[in-house]
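Below you'll find the structure, written out as structure tokens, and then a few comments.
Each value in this text was obtained by applying a stated rule to the coordinates, not by laboratory testing. These numbers come from a predicted model, not from an experiment. With ideal geometry, Cβ positions are generated from the backbone for all residues, glycine too; neighbour counts draw on all protein chains shown.
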Amino acid sequence: LLSAFPINRSCHATKPNMLNVHLVPHTHDDVGWLKTVDQYYYGDRNDIQHAGVQYILDSVVDQLLKNPDRRFIYVETAFFYRWWKQQSSSMQQTVKQLVNEGRLEFVNGGWCMSDEATTHYSAVIDQMTMGLRFLNETFGPCGRPRVAWHIDPFGHAREHASMFAQMGYDGFFFGRLDYQDRARRMVKREQELLWRASNSLTPPMADLFTGILPNGYNPPEGFCWDQSCDDPPIRDDPDLEDYNVDDVVKRFLTIANSQAMVYKTNHIIMTMGSDFQYENANLWYKNLDKLIRYVNGQQANGSKVNVLYSTPSCYLQELHRANLTWALKTDDFFPYADDAHDFWTGYFTSRPALKRYERISNSNLQTCNQLEILGGPVSRKGPFGDGESQTMKKAMAVAQHHDAVSGTEKQHVANDYARRLANGWQHCQVFQVLRGITKHFSIKKRKKNQCSFGSAAIFSVNVYNPLARPVAWPVRLPVNGTSYVVSDAEGKSVDCQVCPYMHDIVHLYFLLKTEYLCVHVLQFIRVTFDPDTGLLSSLSNLETKQTIKLTQNFYWYNASDGNNKESNQPSGAYIFRPNSSTPFIISKTAKTESIQEVRQWFAPWVSQVVRLYGDSRALELEWTVGPLPIDDDLGKEVITRLDTSIKTSEYFYTDSNGREMLQRKKDFRPTWNLSQSEPIAGNYYPINSRAFIKDDVDQLTVVTDRSQGGGSLQNGSLEIMLHRRLLYDDVRGVGEPLNESSGVFPEGLVVRGCLRLSLDRPPSAADAHRPLAQQVVLQPLLTFTDGDLHPNTQLEFSGLQAALPPAVHLLTLTQWDKDSVLLRLEHQFQSQESKVNSHPVTVNLQVRHSITHRAHLTFTTLIEFGCFIQFYNI
């Protein structure tokens, strides 16, 4: 723990010669899961689940006022923000007093408790910013959370810990841990540790004290006193027949002393609460008051147990005072299993369409934010009021929840998340200002028949690049016709071609090249296909003179239905459990057609387009999967597998939330001796934006367009799960199988996505795959207009005087308040991963008067690898 630890003077006194039991009253309020966000807040649809967050907050505040010793922590700012807006000014003052006195403590503080496997770090930072900003502006320093609290996510990412450390949190607590890892840590008393969460940041910049809670996030067995619980209350009238104080005290002392045996200090923590509890807070507090009184009363008889109301920050303060040395961890907590055959690795891919929609929504939100700055004040005075991006910001923040983008919610809740994102898109009407501040292309049909974008023979495409560096991006438009002319902003002709796509659809292709990019048409990649099978057979990098054998095919795992002699665990939204260790091959031969691209059909429900653009350094594999057939009563989990000649020695690499890369090894965990019971699911890891395999000579990198699960199950191989359709619930609470359909696809969801493959030498591969991954996350936005533009329209614009250095990424550019802009820059390369780009970079920023409508400012900063730099008031 850091020496500059803040002292919380609202904490109750502890006793140094006793076992101090810190009782932490809390509620865990999912921002959507079995019910939608609105239904949870209002207490609607209690036929699904009895839960009403507004009543929880009403009841807790009332009970805190009745006894100044009581404490409570609250997490989900999205819910608290709603409740706060509905309170009277006198109630708001009362709550502020509770916060100032430390009786109500906010922990975590983000808009939600985000998922850690399937979220991109940029979206996590945004949702944390939204929640923490509200708490700071409402309560000041006393409302600032000191502890990160991720009690429910299903595995824990190193990048999340790194972000929490950089945000200034003093500690991090979570509840879910692999059952084998927990067993080892209990024996060694290492359930509290120091997490060194970056190999790029100089310690202790990304060091974070981390505690593993003893009961997940539930109370000890027999001590749940919510209206949803069945445990008996404390009956303390000796004149009544059912007096049970002695029994309660005895059981509690046994549990406390047992728990102390597997922790390191004379302080232990107990989470007194669970999902949506404290709707009638009197039940909890009346019994907790009695528990504290009667257990502490035994001290007169020689007991060495002291019980007190506490909070995570008060507990952490006592651990700091213990001045001990803690175990060190440098990897992450994936994959997570709660039993031998129960690996929570299916949700890495569950609901792939929603995962993609969330990712492109993040891209559009960043564009919307930037355009509000570049377009000036007029762009923020749209028809919807409080800044056009606010609706999208809230929708994206909610989508980061650990039962949202994770895909582990009920279907009607998934639909609600998608509806919120769509509503956010509608509110970002600032996209209308694209004309005049973007790269412009005019497209004219050679024949005067009907155009897909209207009746005009000419339509305009406006393209906005949200990256602060030049990009080359292929533009593909569905059109109605076969002959087009494309002109750029200067009226020059742009090479284009029209290709059949599928059914009656044709695509118009041309290559977008943004400002600062020299145009050189080179060929970097070459692929070959097996003439007998039609499958890929090799991949070459002509620039580096590399060639590897590469075969790509599609397979599916037969999902377990739970009827198995080893375990009754089926595959579901959370759990991945294939019925065998060998997947079924979908086709050994691909039906292939080649025009300007290669189109492959593997089955009626699996197809692919292989594309290689003239000067691209990546091979594009656009896959289409679905509807997955279930006429055979088998759930299916579809993968694509790349088998190569690369000698991987069972190692492969995945990103952590889109940022730093982590090394993985088959059937191995860095901190304990693994007993592997699920050879497929137990070797799956989250792939947020990219993964790669390598040896000393070659590195094959795969960039994904959404979060997916994958693994390397044999040397030289990398597989990625694309789509899942399951027929059974996996008994983790969601209560329905993951069997998606829609009005458009009533027979089952059809999902389309894209993988981008690059081949490089290992020392320099990051120079290619990191910018490519950022380009996929923040892809150019296209808007369309019928007809040609007004002659006086500005057809090209850049918000930069010069591109940022390759190592520097523009993470955030958004309006902060009426007079301030928030700009975040980051160094995006890990330490030592690039000979060229891993070094610190000096950036000189000159802010144009014409962009900001404010004074011209110049400042210089040094950005080191791994660091986030924030500027305000520019």
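The residues packed around Leu64, meaning those with a beta-carbon under 14 Å from its beta-carbon, carry a net charge of 0 if Lys and Arg are +1 and Asp and Glu are -1.
What is region 525-777 by shape, rounded, prolate or oblate, if you read a ≥ b ≥ c off the alpha carbon gyration tensor as root eigenvalues and call it rounded for a/c under 1.5, prolate for a/b larger than b/c, and oblate otherwise? Here region 525-777 falls in the oblate category.
Using alpha-carbon positions, what is the distance between the centroids of region 598-659 and region 308-323, in Å? Rounded to whole Å, the Cα centres lie 49 Å apart.
Once backbone amide H atoms are built at 1.01 Å from N, Ile575 has Gly346 as its partners under 5 Å, excluding neighbours fewer than 5 places away on the same chain. Phi-derived couplings, Karplus 6.51 cos²θ - 1.76 cosθ + 1.60 at θ = phi - 60°, listed residue by residue for region 837-846: 9, 8, 7, x, 10, 9, 10, 9, 9, 10 Hz, with x used for Gly and Pro.
With neighbours defined as other Cβ atoms within 10 Å of a residue's Cβ, the residues Val53, Val187, Val463 order from fewest to most as Val187, Val463, Val53. Counted by Cβ distance under 11 Å from Ser649, the other residues give a net charge of +1, where Lys and Arg count +1 and Asp and Glu count -1.
Each of Cys112, Cys229 was scored by other Cβ atoms within 10 Å of its Cβ. Listed from fewest to most, they are Cys229, Cys112. Amide H contacts of Val471 (H built 1.01 Å from N, in plane; Pro and chain starts excluded): Thr514 sit under 5 Å, all sequence-distant by 5 or more or on other chains.
Please give the calculated 222 nm ellipticity per residue for the chain, where each DSSP H segment of at least 4 residues contributes -39500 (n - 2.57) and the sum is spread over every residue; nearest 500 deg cm²/dmol? Rounded to the nearest 500, it is -6500 deg cm²/dmol.
Taking amide H as placed 1.01 Å from N in the peptide plane, the amide H of Phe173 sits under 5 Å from that of Ala148, Trp149, His150, Gly211, each at least 5 places away or on another chain. The separation of region 798-845 from region 665-697, counted between C-alpha centres, amounts to 32 Å. Applied to region 605-611, the Karplus parametrisation 6.51 cos²θ - 1.76 cosθ + 1.60 on θ = phi - 60° returns per-residue 3J(HN,Hα) values of 10, 9, 9, 7, 10, 9, 10 Hz, with x for Gly and Pro. Sorting Ser10, Ser89 by the number of Cβ atoms found within 10 Å of their own Cβ, with the fewest placed first, yields Ser89, Ser10. Seen from Leu316, the other residues with C-beta closer than 13 Å to its C-beta sum to a net charge of -2, counting Lys and Arg as +1 and Asp and Glu as -1.
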